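What follows is one structure encoded as structure tokens, with my remarks underneath.
Please treat every number below as a calculation from the coordinates, not as lab data. Because the structure is predicted, anything quoted here is derived from the model rather than measured. Neighbour counts are summed over all protein chains in view; Cβ atoms, including those assigned to glycine, are modelled from backbone coordinates with ideal geometry.
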Amino acid sequence: MKRQSSFKIKNLSELYDFLPETERLIVDILRQIISENLPDYCNEKISYNVPYFYGHRGICIVWPSSVPRGGVKQGVLLGFWYGNKLQDEDCYLDHGTNKQIYYKIFNSPDEIDIQAIQKLLMEAIQLDQQFAKPI
């Protein structure tokens with residue numbers, strides 16, 4: 001029996017066309033916060049059909065619940081790839097069952113705490129710089 005192929009989102013335009021309005025707005029706000037705070041050596045790509053930000057290694061991922069296989073039942077997840085290594089002094093992130101990726105799920109744009117996210121991004125960037133290969 002031939003396996004049915006899953007859909008493949010190739011770029012942000014396709015992702016935004018696919019998402020319901022509320023998720024699209026949350027994704028857009030989160031992407032803007034992340035992009036404005038990451039250093040120049042970091043990049044964004046679509047991986048697993050969602051925005052994925054990386055430097056020397058993965059930094060964070062934005063996973064809308066409308067995109068399958070993320071385990072997100074509602075809203076948009078902002079996950080930190082090495083969340084288990086972050087101090088997260090404000091206890092902003094949820095730990096869930098994943099031992100490595102810690103996250104926060106947003107159901108409306110009003111729930112987004114820009115300063116808390118910026119603080120976590122700075123910490124994640126410092127961690128990522130430790131993964132740099134020696135020259």
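The calculated P(r) of the stretch 12-129, using every Cα pair and 5 Å bins from 0, goes 2, 12, 25, 26, 21, 11, 3, 0 in percent. Taking θ as phi - 60° and the Karplus parameters 6.51, -1.76 and 1.60, the scalar couplings of the stretch 88-98 work out to 6, 4, 8, 6, 7, 8, 8, 9, x, 9, 6 Hz in sequence order, x denoting glycine and proline.
Sum up the lysine pairs in the chain that clear both bars: alpha-carbon distance under 22 Å and a spacing of 8 or more or different chains. Lysine pairs meeting both conditions in the chain amount to 13.
If you fit an axis through the alpha-carbon atoms of helix 21-37 and take the longest principal axis of the Cα set of the chain, what angle between them do you get, 0 to 90°, nearest 10? Roughly 30 degrees between the two axes. Using the alpha carbons alone, the radius of gyration of the stretch 16-58 stands to its Kirkwood radius in an Rg to Rh ratio of 1.00. Within the chain, the longest segment free of exposed loop sites, counting trypsin sites (Lys or Arg not before Pro) that fall outside DSSP classes H, G, I, E and B and have at most 15 other Cβ atoms within 10 Å, spans 11-56.
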